[in-house]
Every structure is written in structure tokens, then in C-alpha cells.
Amino acid sequence: MTESSSGSEPEPDLERQVERAVEEEVEERVGEVEAAVEDTADRAERAEAGAVDARAGAEQARQGAVEAGSAAVQAASLVAPPDDPLLDTAVRKIEAQVDEDNPFGQPGRPLSSRSPFRLAFTAALGVAVAYGLVMALIAVKSVLLLLLTAAFLAIGLNPAVEALERRSMRRSFAVLVVLVGVLLFFTGFGFAVVPPIVDQAQEFAEQAPEYVAQLQDNERIAALDERFGLLERLERLLDDPERIGVTAAGGVLGVGKVVFGFFFSALTVLIVTLYFLANLPAIKAQAYRLVPRSRRARVGLLTDEILSRVGGYVAGAVSIASLAALSTFLLLRILGVDYAVALAMLVFLTGLIPLIGATIGAVFVTAVALFTSVQAGVICAVFFLVYQQVENYVLYPRIMQRSVDVSPAATVVAVLVGGSLLGVLGALLAIPIAAALQLVTNEVLAPRQDRL
């Protein structure tokens, strides 16, 4: 027992020796690190002192060069005229320290970000740039509206082009087919609407004397005529062909100016739409390059979804307006109302305007039907009242829910704001823009707020 206990005694001594050896090794390493740190600090201090000395030497050299240059200029000024431009240029070059690397002089120290002058200058420059941009946008407002219209039409027609592309048709040919279809529709609308307007104008001109005679037989009109002589002036105007010709000529010139401006704008929109529609993939690819590469894929997916919703909105609006136009055409043909095709096309165009478009078309068609018969007008009024309820609560929600998911309140607010800003075009763009903003809010802003 004594031998075994005495044999186990060296083990603690060995552990203590190992611990002391480790501590000594650690202390030695720490000392080496501290020495290295001190040496690095000393070198940094010497380098900083050298840099300070170098800057001081450079400053002294600069001052010496400036003084030498000033002395040379003073010596030259004794023999040169006082207003010598070469002497002034030499003085400026010396003061600016012109050399081979800086032909226009040494750049000065940048202003501090807290400098009052810099803050005031930056603010004034920002205000000036903002004001200039606003004035420029106002000056080119008409051009921007045409470009915006063309872009909206291109995005709206793009689903039809892509559908033709999926049937193995080249994009250029698909664009041509879609635009030809649109042009054929508007050409047919013109041929359907213009002849009735011309016929009604001619009929009114031929029956104008009869209308005047009927007005004379009216007691209230006769009383007003005795006070103001309105009918007498109207008769003199109708009996004077030259005055009618002059008035008509002025009216024709005004109408011609309006028609020319309309066709010029329509041609511009058509050409720009053709360009946007044919080059839409390239335009999107070029726009995506402006986005950081790490976010390019996500931005591309969001943009494609936004464009898809805009195209879906246009397709849904066209579908709803087409149903309204077809129903109107069938009703007018049954009632025997004239110009059923023209009125149906008018209902189609007004039906594209959100909220109030269908009402405008219904009122116009009902008014025309009243000239055919009171019964036809009443039937049209009842039909449109019932049809608009079906359209608003059955057709519109089912068709639009598949393409544009926008709440009714947001739709009303967006249309009112868009209509007040850009008129009919603003009302047309309001719902797609609201859908885009809602998508960005749900996919970008809301998740970011949830992570905070």
C-alpha cells in the first residue's frame, strides 16, 4: 500500500509542470504579439509624421513657387503694360498652380457636408432643377399624352400579339395582324357614323324654315320674339345665302382644323404604338438592365405580372363593351330604330370608359330611340337600367376578377383622380395603375413592414 501511494505522487507534479509550460508559452506569444503591435504603432506614427512633414514640405514648396511666380510677375509687370492679358493669365496660372497633370490648376479642398453654403447651394439647385422639369413637362404635355396613350395601347394589345406568337407566328407579322384588325374596326365605325350625321345635317338644313314657322306658332316663343326679335334675325340669316356661306366657311375651316389635328394625333399614336408593340420585349430587356443584377429577376417577374394585369384589364373591358354593343344592336333592330350599327359601336366605345361610360352610351341611345317613338325610348331606358345592373354586379366582377384584383372603393377613387388629372385617358389608365400599385404594395412594401 505504501509503495503504490508513493508511486502515484508524481502525477500532480507533472500536471503542474504542464500547466506552467503552457502558461509560459502563452505569455511568450502574448509578449510577441504586443511587441508586434507596438512596432506597428511606431511605424504608423513615423509614417504619419513623415506624411505630415511631406505635406508641410509640399506646402512650403508651393508657397515658394507662388512667391517665386509672384516675384516673376512683379518683375514682368515693370516692363509690361498694366492691362496686358498675358500677364493676367500668367498670374492666374501661378495662383492655380498649373502643371502637366493639372492644366487648369490644383483642385481645391471639397466643401464640408455641413457647410451652410453647400447646403444652400444644393437646395437651390434642387429647386431650380425641379422647377425646370415641371415646366418642361407642362410644355410637352400634349406629346407625353400621345406617348402615354400609345404605351397603354401597346400593353393592352400585347396579349393578342403573344397569342398569335404561340401559334407559330412571327411577332412582326402578329403585330401587323392586330393593328390591321384595330384599323378595320375604326374604319367601319367611321363609315357607320359619318353618313347618318351628314344625312341629319342636310335634313336639318332643308327643314330649317319649317322649324322657324313652328316656333312662330308657339305662344311663348312668340312672346320672346316680340321682346328680342330672335325669329326675325333667324329668318334674315336663312334668307341671306352669302352670310350663310361665310358662316359655313368659317365653320368648315374650324372643323377642318380640328379634324386635321385629330388625324395627325391619331397617326402619331398609331406609329408609336406600332413601334412599342413590335419592340416591347427589347424595351423590357433594356429597362431591366437598369436594375441591380441581384434584384433583376424579381423586378422582371413583378413587371411581367403588372403588364399581364394591364393587358387583362384591356381584354376584360373590351369583352364587357362588346357584350353591351351586341345587346344594344339586337334591341335596336327589334325596335326598328335607325342607325343600329352606329349606335352599337358608340355604346362599345363609351363602354370602355370606367363608371360613367355605359351611362353616357345608354342616355344617347335612349334619346335617339325617343325620336323614333316614345315606346321605343321607354323600352330602351328600361333595358339599359336592367342591363347595367347585370353588368355591374354579374358580368364585370366575374370578368375583371380574373385579370385585375382591385377593390370597388379603390376603383372609384382611382377613376375620379385619374379623370380629374388626364380626363378620359386618365380614367382609362386609373384602374391598371391602381392594380399595379396594389401588386407592388402587397409584394414589396407589406412584407418589408412585416419584417420590421
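The values are calculated or read from the model by the stated rules, or taken from the named source; none is laboratory data. Not measured: the values here are computed from a predicted model. Note that we place each Cβ from the backbone using ideal geometry, even for glycine, and neighbour counts take in every protein chain shown.
Can you name the residue in the stretch 161-192 that is crowded, with 16+ Cβ neighbours inside 10 Å and touching a residue at least 40 places away in the same chain (Cβ under 8 Å) and is also nearest to Tyr339 (Cα to Cα) among such residues? Ranking the candidates gives Ala192 first.
On inspection, Ile320 passes the criterion of being within 29 Å of Thr411 (Cα to Cα) and not aromatic (Phe, Trp, Tyr). Ala35 passes every criterion in (1) at pLDDT 70 or above; (2) under 28 Å from Gln106 (Cβ atoms) apart from (2). Going by what's in this entry, would Ala297 be described as surrounded by 18 or more Cβ atoms within 10 Å (Cβ to Cβ) and in a helix (DSSP H, G or I)? Against the criterion (surrounded by 18 or more Cβ atoms within 10 Å (Cβ to Cβ) and in a helix (DSSP H, G or I)), Ala297 does not qualify.
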